């Protein structure tokens with residue numbers, strides 16, 4: 001029978017480097033903080049602020065941004081429910097690789113579907129934590145940084161999360177932040193406090 | 001006009017962390033060593049050996065393996081020329097993210113098409129170096145670790161690189177290794193010497 005190379009011809013290559021060895025090099029364990037929420041909730045801004053704060057403290061942190069990935073890895077995908085799921089499937093795999101490399105990864109993706117976020121959690125296990133940025137739809141719509149809510153309300157935009165496409169809120173996130181009531185500094189501090197409480201990074205001594 | 005969210009609605013979020021800041025945290029610059037060659041040339045084995053040696057020296061190194069990625073991120077892709085190109089497009093984007101995070105990335109992909117490797121080089125610029133593992137087809141076929149050459153020679157396997165699908169050898173790789181004549185230790189040392197000569201990692205003092 002003639003065939004093509006297939007799944008059976010793949011061989012898993014186990015690395016020789018343990019997570020503990022990577023943690024010893026980097027000075028901390030790996031983690032994935034998965035920021036989810038509506039467009040305008042402040043996911044990218046918070047991810048970048050936490051990333052910068054951690055790197056300034058010597059932590060190997062890295063932010064993955066939904067828009068940036070849609071300009072590169074996921075440039076072939078649109079915004080249909082199937083493409084949104086594939087988008088999140090791929091970025092979850094990328095997050096897993098970065099976590100495997102030892103980084104503290106800050107993910108900023110709307111990731112509207114619970115099933116997709118649960119899949120990401122399964123991929124990363126104990127390293128994964130869901131951070132729900134929840135200023136409320138009204139506040140996101142008031143901010144409307146890209147003018148997309150206005151277009152969606154006018155009926156000019158299909159498949160826009162929160163208006164013409166569903167957002168399934170997390171039921172048990174590790175952390176929930178009202179980024180409408182909190183300043184960016186307060187949200188950043190809340191995430192850092194959470195990381196410190198989990199022992200993932202050292203509490204800043206201020207010394 | 002009713003529309004859907006599209007490319008025009010994406011916004012590039014620039015990070016606040018510079019490559020120099022990451023290098024200061026990690027102690028070295030980032031790089032991508034792109035190992036290319038036929039099945040059986042020893043790409044995964046060498047990538048893992050270099051990774052382990054570097055991590056043991058305190059370097060933040062990470063190996064990306066073709067088969068492993070085909071079990072995760074690229075599980076939806078097969079081995080047609082179009083799927084092979086998409087496979088390499090995605091792994092090049094992932095490599096770029098890891099390089100952006102500050103890692104020294106060891107890529108182990110057959111990556112048979114010159115155009116796809118050149119695209120990876122363009123994505124990563126000065127950080128990119130092509131390492132051609134070239135023990136020769138005869139030696140790869142003699143090793144045949146997965147029994148795939150035998151199947152391809154019997155006509156039982158279409159689209160197998162080197163036999164029923166082309167391999168376009170690099171014309172100007174940064175490093176070429178005859179992994180048929182060299183031991184794994186010798187190949188590993190050659191890669192490390194190259195990294196040291198480029199100033200990417202410190203020469204081991206033996207002290």
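Key figures for this structure:
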| quantity | calculated |
| --- | --- |
| Listed residues B:120, B:56, B:129, most fluctuating in chain B (Gaussian network, C-alpha, under 10 Å) | B:56 |
| Which of A:77, A:69 has the fewest Cβ neighbours within 10 Å, and the rest in rising order | A:77, A:69 |
| Rounded Å value of the spacing that divides the Cα centres of segment A:125-144 and segment B:142-189 | 48 |
| Cα→Cβ-extended label distance, 7 Å offset, between residue B:189 and residue A:174, nm | 4.4 |
| Order of A:100, A:118 - criterion: other Cβ atoms within 10 Å of each residue's Cβ, fewest first | A:118, A:100 |
| Cβ-vector label at 7 Å, residue A:3, separations to other copies in nm | 4.8 |
| Pseudo-label separations to other copies for residue B:27 - Cα-to-Cβ vector, 7 Å, nm | 1.1 |
| Compactness of the protein assembly as shown as Cα Rg over 2.2 N^0.38 Å, two decimals | 1.04 |
| For segment B:25-197, alpha-carbon Rg relative to the globular expectation (2.2 N^0.38 Å, N residues) | 1.00 |
| In nm, spacing of pseudo-spin labels at residue B:197 and residue A:20 (7 Å Cα→C-beta vector) | 3.8 |
| Within a Gaussian network of chain A (alpha carbon springs, distance under 10 Å), most fluctuating of A:136, A:180, A:147 | A:147 |
| Label spacing, shortest first and in nm, from residue A:78 to its equivalents in the remaining copies (7 angstrom along Cα→Cβ) | 2.4 |
| Axis-nearest residue in chain A [Cβ, rotation onto B], distance in whole Å | A:94, 3 |
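No value in this document is a laboratory result; all are computed from the given coordinates. Predicted model, so just to flag it, every value in this text is computed and none were measured. We place every Cβ from the backbone using ideal geometry, glycine too, and count neighbours over all the protein chains shown.
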